[in-house]
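A short write-up of the structure that comes next.
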Amino acid sequence: MIKNDRWIKEMAEKGMIEPFAEAQVREGVISYGVSSYGYDMRIADEFKIFTNINATIVDPKSFDPKSLVDFKGDICIIPPNSFVLGRSVEYIRVPRETIVICLGKSTYARCGIVVNVTPLEPEWEGHVTIEISNTTPLPARIYANEGVAQLIFLGSEESCYISYADKLGKYQAQRGITLPRI
C-alpha cells in the first residue's frame with residue numbers, strides 16, 4: 001500500500017496526470033484534484049451533444065457522427081433523457097502495474113446525471129472520453145473545467161502480462177473527444 005504523500009509525489013514525478021492538481025480544489029467549484037485515495041478529474045469545455053435531428057440509429061459498429069452537435073463553452077446543457085460526450089482536461093498515463101476505475105462524482109449523481117467511463121487499462125494514455133447521461137425529464141447543466149469523476153488507481157505488485165500499449169489499443173494516445181471505433 002502506498003502512503004498518500006508518497007503516492008502524490010510518484011504521480012507527479014511519473015507525469016501520470018497533466019495538468020496535476022496536488023491538492024483538492026473545492027472553493028466555489030465541483031471539486032477536482034487529489035482526493036483521499038484517488039484523483040478527481042475535470043471535464044474540458046468541448047462537448048458533443050447527442051441529437052435525434054437526423055433520425056439515425058445509434059450503432060457502435062457504425063457510429064454516425066451526424067448524431068452529435070459540437071459545442072464549446074463553460075456550461076453545457078444536456079437535453080432531457082439524453083447525453084453528451086466530453087473529455088478530461090487532464091492527459092492520463094497509466095503505469096503498467098496499474099488499472100484505473102472511474103466513477104462519477106456524487107454532486108452530479110444526486111441530480112440524476114450519470115457519468116460513465118470504462119476502465120483505463122495498464123499503459124493506456126490519452127484524454128479520457130467521458131459520457132454524461134441526463135436521466136431526468138429536465139435539461140441538466142454541466143460545468144466545464146470543474147470536477148466530473150473520480151479516478152481510483154488499483155496497483156499490483158507485478159506488471160500485467162499484456163498491456164493496452166502491447167495490444168496496440170485503438171484508443172491509445174487519444175486527444176480530444178474520441179468516437180467509437182471498430
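Taken together, the values in this text are just the output of simple stated rules run on the coordinates, not laboratory data. Remember, predicted model here, so these are calculated numbers, not experimental data. With ideal geometry, Cβ positions are generated from the backbone for all residues, glycine too; neighbour counts draw on all protein chains shown.
In table form, for the structure just shown:
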quantity	calculated
The range 150-165 - phi-based ³J(HN,Hα) in whole Hz, Karplus 6.51/-1.76/1.60, Gly and Pro as x	9, 8, 10, 9, 10, x, 10, 6, 10, 6, 5, 5, 10, 9, 4, 5
Total formal charge among the other residues, if their Cβ is under 9 angstrom from that of residue 180, Lys/Arg +1 and Asp/Glu -1	+1
Cα-based Lys pair tally, the chain, threshold under 25 Å, eight or more apart or on separate chains	14
Using θ = phi - 60° and Karplus 6.51 cos²θ - 1.76 cosθ + 1.60, couplings along the range 78-87 (whole Hz; Gly, Pro as x)	8, x, x, 6, 9, 8, 10, 9, x, 9
Exposure proxy order (Cβ contacts within 10 Å, fewest to most) of 41, 16	16, 41
Radius of gyration and maximum dimension Dmax of the range 70-144, Cα, Å	13.6, 42
Exposure proxy ranking, count of Cβ atoms within 10 Å, fewest first, for 107, 118	118, 107
Using a Förster distance of 22 Å, the FRET efficiency for residue 10-residue 110 (Cβ separation, nearest 0.05)	0.10
P(r) histogram, all alpha-carbon pairs of the chain included - 10 Å bins from 0, percent	9, 36, 35, 17, 3, 0
Using a Förster distance of 35 Å, the FRET efficiency for residue 165-residue 36 (Cβ separation, nearest 0.05)	0.75
